[in-house]
Amino acid sequence: MTAFFSLRNIKRVGCGCLFVLTLLPALSFADEVQPFPRPATLQADVRFWTRIYSEVTTHEGLLHDNQQLNIIYARLSFSPSSSHRARQQSIKKKKAYYKKILLDLATKPHIRLTGRQHKRVKAMWPTETSREEFKAAATRLRFQLGQADRFKQGLVRSGRWLPFIKQEFSALDIPLELASLPHVESSFRSDAKSHAGAAGLWQFTRSTGRRYMRIDQVLDERLDPFLATRAAGLLLKNNHQITGTWPLALTAYNHGAGGMRRAIKATGGTDISKIVREYKGRTFGFASRNFYNAFLAARDIDEQPAKYFGEVVREPAMQIQEIELSSYYTVKGLLTAFGVKNNIFKSLNPALQPTIWSNHKYVPKGYRLRVPVGALAASTNDLMASIPSNERGRRQKADFSYRVKRGDTLSKIAQRFKLSSRQLAALNSLKDRHKIRVGQVLRLPHAASQPKRLYQVRRGDNLSLIARKEGVLEADLLSLNKLKNRDLLYVGQRLRLR
């Protein structure tokens with residue numbers, strides 16, 4: 001994932017609260033006097049994220065206290081060519097260095113600390129800081145990688161979708177400022193994917209995404225910025241109806257609405273500052289505590305990019321036309337009919353899964369196909385009629401399956417059915433490609449011809465014994481291997497079993 005936060009903490013929310021809207025005052029969500037308050041107690045945290053997003057690049061980072069973000073011990077820089085391992089070693093070494101200084105301040109308060117770094121670190125803290133506080137601070141060292149270069153790239157990319165996002169959010173009657181959220185989630189990369197399985201511009205997990213979108217072996221609508229935008233708007237609106245404030249609705253986008261209900265109950269109210277500072281929920285970690293602060297920082301930069309980066313030219317809004325398919329079609333048939341290049345077609349229809357591009361599935365009936373403006377020079381009916389009958393279907397191609405046997409690996413199975421391991425893993429929602437079990441049933445996109453199975457004749461074998469052992473008919477063995485004499489076998493001979 002390109003940006004700092006993911007949706008890995010999102011929880012399912014019951015649908016019963018969707019009707020709460022009818023019980024609320026007539027005041028529009030978007031018209032709230034101050035939908036995104038800035039408590040004084042959070043200003044230092046917002047400044048921290050502003051710095052991460054606008055000053056510190058992905059070749060740098062800040063070593064800081066994970067609760068008091070205004071305390072920054074060091075700024076680390078890395079060579080662009082340095083490996084992940086080398087970076088981690090450098091961070092580990094620097095953490096150990098500052099941990100020792102903090103422990104010195106905690107355990108040697110009466111000894112004169114003459115070291116320049118000891119004095120510098122001590123000066124970061126209030127004069128009345130106790131030994132216990134320094135000791136606790138030694139356990140709170142955290143490194144944050146910078147995002148400035150990615151954020152700037154995201155500003156440029158955002159032009160493609162911002163007009164649509166704001167139009168959609170306006171229709172949903174939610175604050176337009178929420179359009180800045182993808183800067184935090186994905187840096188406006190529609191193909192962004194996290195290690196936790198979140199995907200797309202709005203970083204939906206599968207479980208949350210399925211509440212609003214289709215996610216299967218044919219379509220993954222999380223990857224479609226247009227469809228995912230509406231889903232994100234609906235989720236945010238539902239979060240607001242449940243939590244009552246936009247700061248909590250945003251935090252629920254990361255932590256889940258159920259989690260925020262628990263936070264409200266534990267702290268006795270909806271004050272975002274109090275929740276951030278005092279709530280100690282088991283899963284309410286650094287990302288959840290800082291989600292709202294990071295959003296405020298991203299919004300500030302998004303509204304005044306020149307202040308932070310100089311002139312930024314955003315990409316123009318996408319100009320597209322849509323056609324709702326009345327039948328099932330192959331990608332090849334659609335590409336030919338509309339005269340669109342493969343890479344352009346893919347970029348406009350990112351929800352289409354690999355099973356469609358490999359021709360194992362049709363583009364489904366009812367799908368709203370996107371093509372560049374101008375691709376519909378002729379009548380849509382004429383274009384669709386020009387697609388040959390062998391490039392269309394009356395129904396979707398059927399699913400097929402394979403039961404894992406002892407000795408199988410995902411790569412072997414994928415190779416057997418002419419797929420990539422990645423395609424097969426995605427088709428079966430496998431998070432770990434190395435973990436499949438004997439007896440597990442894997443979905444296949446097509447009824448691939450079964451590979452040839454061979455049996456090597458051993459001493460003592462005969463045709464009947466081999467047939468019983470391998471579960472095949474003697475007649476099939478004779479036919480497949482063109483055997484004229486059933487009794488004429490020799491040790492080492494290789495027989496086809498299918």
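Of all residues in segment 142-150, none are free of Cβ contacts under 8 Å to residues at least 24 places away in the same chain, more than 18 Å from the chain's Cα centre (by Cα) and assigned to a loop (DSSP other than H, G, I, E, B).
Of all the listed residues (Ala425, Ala398, Ala385), the sole one being within 23 Å of Tyr362 (Cα to Cα), aliphatic (A, V, I, L, M) and in contact (Cβ under 8 Å) with a residue 40 or more places away in the chain is Ala398.
Only residues that are more than 14 Å from Gly460 (Cα to Cα) and either of a type in the set (Gly, Ala, Ser) or touching a residue at least 40 places away in the same chain (Cβ under 8 Å) (or both) were counted across segment 478-492, and they come to 1. Of all residues being in contact with a Pro (Cβ under 8 Å, 6 or more places away or on another chain) and under 24 Å from Asp220 (Cα atoms) in segment 398-419, which is modelled with the highest pLDDT? Just the residue, please. That would be Leu419. Restrict the check to segment 305-323 and report whether at least one residue is surrounded by 15 or more Cβ atoms within 10 Å (Cβ to Cβ), in contact (Cβ under 8 Å) with a residue 60 or more places away in the chain and touching an Asp or Glu at 6+ places or on another chain (Cβ under 6 Å). No, there is no match, as no residue in segment 305-323 is surrounded by 15 or more Cβ atoms within 10 Å (Cβ to Cβ), in contact (Cβ under 8 Å) with a residue 60 or more places away in the chain and touching an Asp or Glu at 6+ places or on another chain (Cβ under 6 Å). Checked against the criterion of being outside the structural domain of Phe417 (by the TED database), closer than 23 Å to Ser190 by Cα and out of contact with any helix residue (DSSP H, G or I) (no Cβ under 7 Å at 6 or more places or on another chain), the candidates Lys341, Lys365 yield just one match: Lys341. Can you find a residue in segment 186-207 that is buried (at least 21 other Cβ atoms within 10 Å of the Cβ) and part of a helix (DSSP H, G or I)? Within segment 186-207 (the criterion being buried (at least 21 other Cβ atoms within 10 Å of the Cβ) and part of a helix (DSSP H, G or I)), the answer is no, since none of the residues qualifies.
Of the candidates Lys122, Lys99, Lys93, the single residue that is surrounded by fewer than 15 Cβ atoms within 10 Å (Cβ to Cβ) and of a type in the set (Lys, Arg) is Lys93.
The values are calculated or read from the model by the stated rules, or taken from the named source; none is laboratory data. Quick caveat: nothing in here was measured; it's all calculated off a predicted structure. Cβ atoms come from the backbone with ideal geometry, glycine included; neighbour counts cover every protein chain shown.
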